[in-house]
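The values are calculated or read from the model by the stated rules, or taken from the named source; none is laboratory data. Given the structure is predicted, the values throughout are model-derived calculations rather than measurements. Methodologically, a virtual Cβ is constructed for each residue, glycine included, from the backbone with ideal geometry; neighbour enumeration extends over all protein chains shown.
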Amino acid sequence: MGRSIGYTICTVRWPGRGSDYFGPCERCGKSMSETAVFETHTLGVNAEGDIYLSAPSGGVYAHMECVSHEGEKFVSKDSLQRKGPLRIYPRSALVADLERTGINAADAERIVSERLQEPLNAELTGANGLPLGSG
């Protein structure tokens, strides 16, 4: 189907049920009128170049406010385009995610291009030729 590109994102979805179905919030223990489901996905790329979400690994059933204060960025799962069984993550969103970490726009675009074309364990380098995060 494809291969991992080495990035992880978190999604949120609202299944339309609360504590009556899912039990209490897994963060605060209180009742929920509406449950938010937070899931972690790795990103992959297929032969057509689509960036897609893997099946979720791990999940938290909680109030939105109980998880949103933890500083994690969540993507609404419902906002992602579907292509057959896949949820597609926009390339522009991945570039923007990298820019939010302090990487400049040109390097972010180059890094995404490299990750989409190279093997999973390829080392990412900055404009200075050094591995990212090494200074």
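Identify the single condition in (1) within 16 Å of T8 (Cβ to Cβ); (2) modelled with pLDDT of 90 or more; (3) not assigned by TED's automatic domain parsing to the domain that holds R13 that R110 does not satisfy, given that it satisfies every other one.
It is condition (1) that R110 fails.
If we only count strands (runs of 3 or more DSSP E) wholly inside segment 61-102, which ones have 3 or more residues that are within 14 Å of E39 (Cα to Cα)?
The strands (runs of 3 or more DSSP E) meeting that bar are 74-76.
List pairs: first residue in segment 1-16 and touching a residue at least 40 places away in the same chain (Cβ under 8 Å) and within 19 Å of A96 (Cα to Cα), second residue assigned to a strand (DSSP E or B) and of a type in the set (F, W, Y) anywhere in the structure, Cβ distance under 8 angstrom, at least six positions apart or on different chains.
C10/F38; C10/F74; T11/F38; T11/F74; V12/F38; V12/F74
Determine, yes or no, whether T11 is under 30 Å from Q117 (Cα atoms), outside the structural domain of Q117 (by TED's automatic domain parsing), touching a helix residue (DSSP H, G or I) at 6+ places or on another chain (Cβ under 6 Å) and surrounded by 14 or more Cβ atoms within 10 Å (Cβ to Cβ).
Spelling it out, T11 is indeed under 30 Å from Q117 (Cα atoms), outside the structural domain of Q117 (by TED's automatic domain parsing), touching a helix residue (DSSP H, G or I) at 6+ places or on another chain (Cβ under 6 Å) and surrounded by 14 or more Cβ atoms within 10 Å (Cβ to Cβ).
Looking at segment 114-129, is at least one residue more than 17 Å from the chain's Cα centre (by Cα), modelled with pLDDT of 90 or more and over 16 Å from T11 (Cβ atoms)?
no
Looking at segment 14-41, which of the residues that are within 30 Å of V112 (Cβ to Cβ) and of a type in the set (F, W, Y) is farthest from the chain's Cα centre (by Cα)?
The qualifying residue farthest from the chain's Cα centre (by Cα) is W14.
Within segment 23-60, track down each residue that is assigned to a strand (DSSP E or B), surrounded by 13 or more Cβ atoms within 10 Å (Cβ to Cβ) and not β-branched (V, I, T).
Residues satisfying the conditions are A36, F38, E39, H41, L43, G44, N46, Y52, L53, G59.
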